[in-house]
Amino acid sequence: MTFLLGSSGLVRFLIWLAALLIYDLGISSTFSRWGMNKAEQTIVLLVGSILILLCTLLLSDPCLAFLLGVSLTGFVLPSPYHRGRFLDGLGFWLPVGTAVLLSFQTNNPLSILAQLLLLGGFIFMRQVFALRFYHRFGQMYTFAMALCLAGLWIEDPQKWAWLFVAAVFMGLSFLGWPFPRKEKPLLLFDLDGTLIDSQPLVFETFRRVFRKLKPGYPLSQQELYSFFGPTLEESFLRYFPEEEVPAVIDLYQDINLALHDEMVQEMPHAQELLRELKNKGYTIGIVSNKRRKPVLMGIEACHLGPYIEAVFAKEDQPACKPKPDGLIYAARAMGYPLDAVVYVGDNGTDIQAARNAAFFSTGYTLDETQFRALQQQQSCRIIRDLRQLENILKEENLWIDKSIW
């Protein structure tokens, strides 16, 4: 309590507030990249700040109080994520907040050494640990707590007694409390280019639209590929005035629907894969930027309907890819947490959306141009045969994009 209520209490309070603000900004950025909405973030930050303040008032050491308050937040607060992953998100920024507090408290050589250890450890967590050694929820929190305690012990070796208290939290986290979820991940698929081969249809539809409305403008192959991913509105706004776009889209839809059944076919092994996954107990959904009518037509034409639980077309989503909103909405609507989702798509827009939600992304394509786009977007996996997805699902994996830390 003396930390905040002593003779220089106001200054100490401002120091504590600065450290808390930096920490809050950090975890807010992490949770934003995980797809947590603003309301959920606000609750986490508010409850966490109150618990940290209470611990600071009760304990004489602000750094240890900070670690305890954050740990309590992670263990007691409801979350849309697995408890261990929620703790990992909160724990990830612990070394930074602790280093800030230490930098304001003392400037002796041991304190500076502790700060360097904390900041260096944080960089290691972000650049190495998250990508190579993070295999189970709770590990990030455990590593961060151990790092912070090591830094505090270097700064003041008399703090060894607190190791027991912290070890309780670390042990629970390391053991996976509450127990790790064993359920299968939700499987979300893009449709065009992933489960149905609509590339010839899309190319031909755009060519006919431009032949009719811009007869002197030949579309290049690069432009044709650029139409995969964005919505029709976004694509046509590059070539037509905004007020003309609705009519252009109507023309596109008329041509597309007329050619649809004769030009669309199943991607190799798509029906076989979905049947196997369905039989193994996986839940399957479709998230597409296309409008609902052509999406349903494609599913029916390729006989994929019996294996699909839900369809989320352009009209059903808060925002389309590459924004993550549609994927997050689909996962929640289908009753799945946000850390148990695999999204399979064929272009860079699909991978961007999955990464923006921190979902596990799998790129699939038979097209070389699309393959290079998937590589540039750093998909978690890239496959050339849909049946390879079954091998990926056999892995003991965290179904999240670990590279977004």
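The values are calculated or read from the model by the stated rules, or taken from the named source; none is laboratory data. The structure displayed is predicted, hence computed values, not measured ones. As a convention, Cβ positions derive from the backbone with ideal geometry for all residues, glycine included, and neighbour counts pool all protein chains shown. Quick note on the areas: whole protein, heavy atoms, side chains included, nothing else; ligands and nucleic acids left out. Shrake-Rupley method; radii C 1.70, N 1.55, O 1.52, S 1.80 Å.
Points worth noting:
- The requirement of being crowded, with 17+ Cβ neighbours inside 10 Å and at pLDDT below 90 is fulfilled nowhere in region 207-217; no residue meets it.
- Members of region 360-392 found to be in a helix (DSSP H, G or I) and under 17 Å from residue 222 (Cα atoms), listed by number: 368, 369, 370, 371, 372, 373, 374, 376
- Of all residues in region 199-231 being β-branched (Val, Ile, Thr) and touching a Phe, Trp or Tyr at 6+ places or on another chain (Cβ under 7 Å), the one that is farthest from residue 347 (Cα to Cα): 209
- Some residue of region 244-259 being surrounded by 15 or more Cβ atoms within 10 Å (Cβ to Cβ) and either under 25 Å from residue 372 (Cβ atoms) or in contact (Cβ under 8 Å) with a residue 60 or more places away in the chain (or both): no
- Residue in region 5-19 that is at pLDDT 85 or above and within 23 Å of residue 146 (Cβ to Cβ) present: no
- Counted residues, region 295-333 - those being surrounded by 23 or more Cβ atoms within 10 Å (Cβ to Cβ), out of contact with any Gly (no Cβ under 6 Å at 6 or more places or on another chain), part of a helix (DSSP H, G or I) and of a type outside the set (Gly, Ala, Ser): 2
- When region 386-402 is limited to residues that are of a type outside the set (Lys, Arg) and surrounded by fewer than 13 Cβ atoms within 10 Å (Cβ to Cβ), the one that is nearest to residue 130 (Cα to Cα) turns out to be 396.
- When residues in region 136-192 are screened for being assigned to a loop (DSSP other than H, G, I, E, B), open to solvent by 20 Å² or more (accessible area, probe 1.4 Å) and either at pLDDT below 75 or charged (D, E, K, R) (or both), 11 of them pass.
- Within region 334-359, the set of residues being outside any loop (DSSP other than H, G, I, E, B) and surrounded by fewer than 24 Cβ atoms within 10 Å (Cβ to Cβ) comprises 348, 349, 352, 355, 356.
- Selected residue [out of contact with any helix residue (DSSP H, G or I) (no Cβ under 9 Å at 6 or more places or on another chain), within 30 Å of residue 386 (Cα to Cα), part of a loop (DSSP other than H, G, I, E, B) and not β-branched (Val, Ile, Thr)] from 216, 281, 229: 281
One line per residue, one yes/no per condition, for (1) at positive phi; (2) of a type in the set (S, T, N, Q); (3) open to solvent by less than 10 Å² (accessible area, probe 1.4 Å); (4) not in a loop (DSSP other than H, G, I, E, B):
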residue: 54; (1), (2), (3), (4): no, no, no, yes
residue: 63; (1), (2), (3), (4): no, no, yes, yes
residue: 67; (1), (2), (3), (4): no, no, yes, yes
residue: 70; (1), (2), (3), (4): no, no, yes, yes
residue: 73; (1), (2), (3), (4): no, yes, yes, yes
residue: 80; (1), (2), (3), (4): no, no, no, no
residue: 89; (1), (2), (3), (4): no, no, yes, yes
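- Per-region count, region 260-287, residues touching a strand residue (DSSP E or B) at 6+ places or on another chain (Cβ under 7 Å), open to solvent by 60 Å² or more (accessible area, probe 1.4 Å) and not acidic (Asp, Glu): 2
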